Amino acid sequence: MAKKRSKKQKKPGRFDDFPGFDPRGMEKTLSDLNRILEGKEFDSDEDLVQYLQEYLASYDPDRFQAKRSLDQAQELIYQAWELEGKERVELAYKALEISRDCADAYIILAEETARNKKEILRFYQQAVAAGRRALGEEVFKDSVGDFWSLLNTRPYMRALFGLAQSLWSLGKRRDAIEHYYELLRLNPTDNQGVRFVLITCLLVVGRDDDAKKLIDEYKNDPTATWAYSRALLLFRQKGASRKANALLKKALKVNHYVPEYLLKKKKFPRELPCMIGFGDENEAVDYAFDALSAWENTPGALKWLAENFNKL
């Protein structure tokens, strides 16, 4: 069973190390730009740049006044992402008073107000339903494969990701995995990093064939998650073969901090990192925390890891 975060560890989507910062808020810039350019066509990039320069020179805040109720609600969400705690929650409720189709408002309530896992699940279910109502069914037929590039689909994508995480935490693994696959179907370029969660889920439940397909689909992924998942999967299939050893050696080069956490030479921090980099210790913590059970449930895997790690 996948290891669960303690109450003192961060919920997905929280950025407590950076008060007042939420990367989702950067979408406001894209939203404003979409409104500026709506219905306009340009013969060249130079014409586009010139238009934007002239527009900004005569900037009028009233031009950004949202037209539809959902747009107005989303504007409040953009403000909420710049705030914390009670103020953020109040704006989420105000957004829902304006439009019940504001998926991001339910997400904020899931992150900030839910008292237990069942409440988190309920909020994410409401968020997914709201996001789907807001989009309409046609977009699910016409925009599959390029979902994330449409700005208005992102609240739904965030909601579905959160719902999958919530279902997994409640032991509803099959449902969670189905939702992760749906996210990748809608957006194969995977701007959300769904594949990193999904590959660990597949290995935890023993769906090795599906894990192999996913690894092959993103075969050029350079992260520690991919390197160690690839090595673990081959060890399950072939044992400590020459190729498995070579893959593990490569994984150790990708991130040499990972074994310290998988082998419990180091304790996981009280709060999980929200920002990670290639090859750094935060990446190791992020991967090992969720993948530990997959390694523990693979007979001989940790011993194999320790033997190779000690050779460094």
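The values are calculated or read from the model by the stated rules, or taken from the named source; none is laboratory data. Owing to the predicted nature of the structure, the values given are computational and were not obtained by experimental measurement. Here the Cβ positions follow ideal geometry from the backbone for every residue, glycine too, while neighbour counts run over all protein chains shown. Heads up: the accessible areas ignore ligands, DNA and RNA and are worked out on the full protein's heavy atoms, side chains in. Shrake-Rupley method; radii C 1.70, N 1.55, O 1.52, S 1.80 Å.
See the values below:
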item: Space enclosed by the convex hull of the alpha-carbon atoms of region 135-183, per residue, Å³; result: 68
item: Simple label model, 7 Å out from Cα along Cβ direction - Asp190 to Ser241, nm; result: 2.3
item: Distance (nanometres) between label positions extended 7 Å along Cα→Cβ at Leu312 and Arg68; result: 5.1
item: Karplus 3J(HN,Hα) series, Hz, for region 214-220 with 6.51 cos²θ - 1.76 cosθ + 1.60 (x for Gly, Pro); result: 5, 4, 5, 5, 10, 5, 9
item: Built amide H within the under 5 Å cut-off of Gly279, gap 5+; result: Ala224
item: Listed residues Asp101, Asp190 arranged by accessible area, highest first, probe 1.4 Å; result: Asp101, Asp190
item: Segment Glu87-Leu150, length gained on full extension (0.36 nm per residue, minus Cα span); result: 19.8 nm
item: Pairwise FRET efficiency - Glu217 versus Arg133, Cβ, R0 = 35 Å, nearest 0.05; result: 0.65
item: Region 87-135, accessible area per residue, ligands and nucleic acids excluded (1.4 Å, Å²); result: 47
item: Area accessible to solvent at Glu137, 1.4 Å probe radius, in Å²; result: 90
item: Overall form of region 107-202 per C-alpha gyration tensor (a/c, 1.5; a/b vs b/c); result: oblate
item: Cα gyration tensor category, rounded, prolate or oblate, for region 245-309 with a/c compared to 1.5; result: oblate
item: Label-to-label distance, nm, for residues given as Phe278 and Asp208 (7 Å Cα→Cβ offset); result: 3.0
item: Given charges at Cβ of Lys, Arg, Asp, Glu: region 130-233 dipole, positive-most of Ala176, Pro222, Met157; result: Ala176
item: Per residue, in Å², the accessible surface of region 138-267 once ligands and nucleic acids are set aside, probe 1.4 Å; result: 47
item: Under the Karplus curve 6.51 cos²θ - 1.76 cosθ + 1.60, θ = phi - 60°, whole-Hz ³J(HN,Hα) for region 290-306, x wherever Gly or Pro sits; result: 8, 8, 4, 5, 5, 6, 5, 8, 9, x, x, 5, 5, 5, 4, 4, 4
